[in-house]
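Below you'll find the structure, written out as structure tokens, and then a few comments.
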Amino acid sequence: MDLSNLQKVLGVTGLGLGLVVGVGLGKRFFSQSHGRSFKSHGGAKDDPLTKYVLQNSLREHPVLQKLKQRTLEDQNYLMMVACEEAQLLANLATLIKAKKVIEIGVYTGYNTLNMALTLPADGVVVACDINMDFANIGKPFWSEAGVEHKIDLRIKPASETLDELLQAGEAETYDFAFIDADKVNYCLYYEKCLQLIRKGGIIAIDNVLWGGRVLSPGNDAETLSIDELNKKIARDSRVNVSMLAIGDGVTLAFKL
Ligand SMILES: C[S@@+](CC[C@H](N)C(=O)[O-])C[C@H]1O[C@@H](n2cnc3c(N)ncnc32)[C@H](O)[C@@H]1O
């Protein structure tokens, strides 16, 4: 299926474009239309430096490896988070002793499983998606890893789930949130997550470089939305920020 059609079907465009290391050129961003893919499970895995990074740092749980292999059989596999990025998120969650996590955009649940594996026995990942078929691909692996009980899957628009958490009095009780769903709602997700995350907690936002399209957003609603959030966080005194060129770009907002 053509990428733009696939994006319409899915209601998201996690399929964006490429982030690779352009050695010597000082250029880091290439789109798939330029023949380069950005994710370690996409074409970028053939990039020598990406290979080196993975060979020398990736420590993937055996069930995560299996879930990745299964996900790669799915036609929408480019939506999956980059493995080395997910590992960074898990390391950060461990560092801040996270117990309560929100995942906005689950797909087959690679990062949901990744986070559930890193949480203590009484930890929880509130996993938000609108597509049960995607989650059904991942669920057997969540179960095989013995962490399904830590995953609270909510199939409905993420904004509704976030509102429910707020209405349930859970403001400032979450430690970590990962925003990785429909790009046009990024600002809304960020604001709701800021309410739900405790001080010292972390909000990670995926695809913030959008394969380089943020450099010239044009009229594309998704690119404009990502760019708007990037600029908003840059001057947001409620958080400290780091924007990292890993995967398709991830912003880490540390709540003050
Ligand atoms: C890029 S994928 C998520 C990848 C995932 N974080 C991972 O670890 O591989 C985006 C997901 O967002 C979901 N999605 C799209 N619109 C949504 C919405 N309004 N609310 C919740 N999920 C949504 C899609 O169904 C899709 O599974």
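Quick note: the coordinates plus some simple rules give every number you see, no bench work behind them. Keep in mind that this is a model prediction, so the values were computed, not measured. In this analysis, Cβ positions are derived from the backbone assuming ideal geometry, glycine residues included, and neighbour counts consider all displayed protein chains.
Summing +1 for each Lys or Arg and -1 for each Asp or Glu among the other residues whose beta-carbon sits under 12 angstrom from that of LEU162 gives -3. This ranking places MET80, MET132 by how few other beta-carbon atoms lie within 10 Å of each, fewest first, which gives MET132, MET80.
By other beta-carbon atoms within 10 Å, ranking GLU172, GLU85, GLU103 with the fewest at the front produces GLU172, GLU85, GLU103.
Among beta bridges identified by DSSP and lying wholly in region 61-255, the antiparallel ones come to about 35 percent. Tell me which GluC sites (Glu not before Pro) from region 184-256 have a DSSP coil assignment and no more than 16 other beta carbons within 10 Å of their own. Sites meeting the loop and neighbour criteria: none at all. Restricting region 46-118 to trypsin sites (Lys or Arg not before Pro) that sit in a DSSP loop and have at most 12 other Cβ atoms within 10 Å of their own Cβ leaves ARG59, LYS97. The residue among SER225, GLY146, GLN69 whose Cα reaches farthest toward the positive pole of the charge dipole of region 61-255, with charges on the beta-carbon of Lys, Arg, Asp and Glu, is GLY146.
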